[in-house]
Amino acid sequence: MHLIYNALFLLAAIKWGDWRKWREYYPTILFFFVGDLLKNLLYHDYSIWTYQETMFAKDILSNHTIITLLIMFISYPATVLIYLGHFPEKRWNKVLWIGLWVSIYVIVEYINVKYLHLIKHHHGWTIQWSLLFNLVMFPMLRLHQKQPLIAWGLSIIWIILLLNMFPIPMKYIK
C-alpha cells in the first residue's frame with residue numbers, strides 16, 4: 001500500500017508540482033529530509049511511530065527504514081513541490097492552504113493507523129500529536145523557504161519540546 005500512496009504523491013507532483021522552481025524548493029526538501037532523519041536517528045531504538053507494509057510488496061518494503069526512505073524520496077519532494085509551488089499570497093488563503101495539507105497528512109495517517117495498519121503509534125504518540133506536529137510542520141516548511149535560519153532556530157526549539165514530551169530512556173541512546 002505504501003507503494004500506491006507514494007505513486008499517488010508522485011503523480012500529483014507530476015501534474016501539480018512547480019517543477020520550474022525545483023531549485024528554489026530544493027533546500028526546503030533537504031530541510032524536510034533532515035528533520036525526518038533526525039527523528040529516525042534519535043528514536044531509532046525507541047520509536048514513537050513505525051511504518052509497516054501489510055498489503056502489497058511486503059518483500060520489498062520489509063521494514064520501517066525502507067518505507068521511510070521511500071516516503072522521504074518520493075512523498076516529501078512531491079509535497080514540497082506542490083505545497084510551496086502553489087502557496088497563496090492572501091492571508092486567509094494561506095490558512096486554508098495550510099489547513100488542506102495538514103488535513104491530507106492527518107487523514108492519510110488516520111486511515112493508515114486505524115484501518116490499514118500501515119502505521120503503529122508507540123510510547124504515547126497519538127493521531128492528536130500528529131495533528132499538532134503537522135500544524136507546526138507545514139508553516140515551518142514555508143518559513144524555511146522564506147527565512148531558513150529562523151526556521152532552523154524554531155525547529156531546534158520544537159525538537160527540544162518534543163524530546164521533553166516524548167523522552168528517550170537513556171538505555172536507548174547510543
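Here are the numbers:
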{"read-out": "Qualifying residue in segment 125-132 (condition: surrounded by 15 or more Cβ atoms within 10 Å (Cβ to Cβ) and at pLDDT below 95)", "value": "no"}
{"read-out": "Restricting segment 66-92 to residues that are open to solvent by 40 Å² or more (accessible area, probe 1.4 Å) and more than 16 Å from Leu10 (Cβ to Cβ), the residue that is nearest to the chain's Cα centre (by Cα)", "value": "Ile66"}
{"read-out": "Residue that is nearest to His86 (Cα to Cα), among those in segment 146-157 that are surrounded by fewer than 18 Cβ atoms within 10 Å (Cβ to Cβ) and in contact with a helix residue (DSSP H, G or I) (Cβ under 9 Å, 6 or more places away or on another chain)", "value": "Pro148"}
{"read-out": "Residue count for segment 103-124, restricted to those that are open to solvent by 50 Å² or more (accessible area, probe 1.4 Å), under 21 Å from Tyr46 (Cβ atoms) and of a type in the set (D, E, K, R)", "value": "1"}
{"read-out": "Number of the exception - Glu53 against (1) part of a helix (DSSP H, G or I); (2) surrounded by 15 or more Cβ atoms within 10 Å (Cβ to Cβ)", "value": "(1)"}
{"read-out": "Test for Val95: is it at pLDDT 95 or above, open to solvent by 30 Å² or more (accessible area, probe 1.4 Å), part of a helix (DSSP H, G or I) and of a type outside the set (S, T, N, Q)", "value": "yes"}
{"read-out": "Cβ-Cβ under 9 Å pairs, at least 6 apart or on other chains, segment 11-24 side modelled with pLDDT of 95 or more, far side loosely packed, with under 14 Cβ neighbours inside 10 Å and assigned to a helix (DSSP H, G or I)", "value": "Ala13/Trp19; Asp18/Glu24"}
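The values are calculated or read from the model by the stated rules, or taken from the named source; none is laboratory data. Please read these numbers as outputs of a predicted model, since none were measured by experiment. Cβ coordinates were reconstructed from backbone atoms using ideal geometry, including for glycine residues, and neighbour counts include every protein chain displayed. Accessible surface areas use protein heavy atoms only, side chains included; no ligands, DNA or RNA. Shrake-Rupley method; radii C 1.70, N 1.55, O 1.52, S 1.80 Å.
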